[in-house]
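Here the structure comes first, spelled out in structure tokens, and everything after it is commentary.
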Amino acid sequence: MTLVPVRAVGKLFREALGPMSKYPQKQKALGGGQAMATRIQIIQGYSFEDREDLLPALVDAIVRCGGWVLNRRDISEQTLELQLEMELRGVFDLYAALLSAGVEMTRSGHRTLAALCSRARYVPRRVQGEIVPLRVEVSFLHEITPHWELMARPARA
């Protein structure tokens, strides 16, 4: 068995891989570049609160966290979409603000926010100021008519 110095192994790997710009997935994993910042992160949630009460509280919470609401639109009668941008360092506050405003997160919403929080926690301070585009989708469940309750139930024998 031949022992190879560690420096030589590192040099061999650098020569084999070439510059990191050829491997954007590795740059993303290492926190380099703007790979995560350019992609819009979708946060989905739902609420039992009244739309007229929740919307001002939600916008106020986003602004207090350092976010900018760029666009607001109704996707359907029960679903609202907010497009916003914020610095990566404000994601922790956004997560808490959404929950305290009365928005319940879906599994994908929790995963997206958890990934952003992990990124904010473990990247260098100079990267924490990067702008992250977000899309928050909130479904209002109190506005959905429960059709199954209105349907006649079959008689039991």
### Query
How many residues does the stretch 56-95 hold that are under 13 Å from GLU137 (Cβ atoms) and out of contact with any Lys or Arg (no Cβ under 6 Å at 6 or more places or on another chain)?
11
#### Entry: Where ARG7 falls short, out of the listed (1) farther than 19 Å from ALA114 by Cα; (2) out of contact with any strand residue (DSSP E or B) (no Cβ under 6 Å at 6 or more places or on another chain); (3) surrounded by 10 or more Cβ atoms within 10 Å (Cβ to Cβ); (4) modelled with pLDDT of 50 or more
(3)
### Task
May I ask you to list the residues in the stretch 34-63 that are of a type in the set (Phe, Trp, Tyr) and part of a loop (DSSP other than H, G, I, E, B)?
PHE48
### Task
Name the single residue, out of those in the stretch 124-157 being in a loop (DSSP other than H, G, I, E, B) and surrounded by 13 or more Cβ atoms within 10 Å (Cβ to Cβ), that is modelled with the highest pLDDT.
GLU130
#### Entry: Matching residues, the stretch 64-106, being part of a helix (DSSP H, G or I) and polar (S, T, N, Q)
SER100
#### Entry: Residues located in the stretch 71-97, provided they are in contact (Cβ under 8 Å) with a residue 60 or more places away in the chain and aliphatic (A, V, I, L, M)
ILE75, LEU80
### Query
Looking at the stretch 68-80, is at least one residue within 13 Å of the chain's Cα centre (by Cα), farther than 20 Å from SER47 by Cα and of a type in the set (A, V, I, L, M, F, W, C)?
no
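The values are calculated or read from the model by the stated rules, or taken from the named source; none is laboratory data. Computed from a predicted structure; not experimentally measured. No Cβ is skipped: glycine too gets one built from the backbone with ideal geometry, and neighbour counts run over all protein chains shown.
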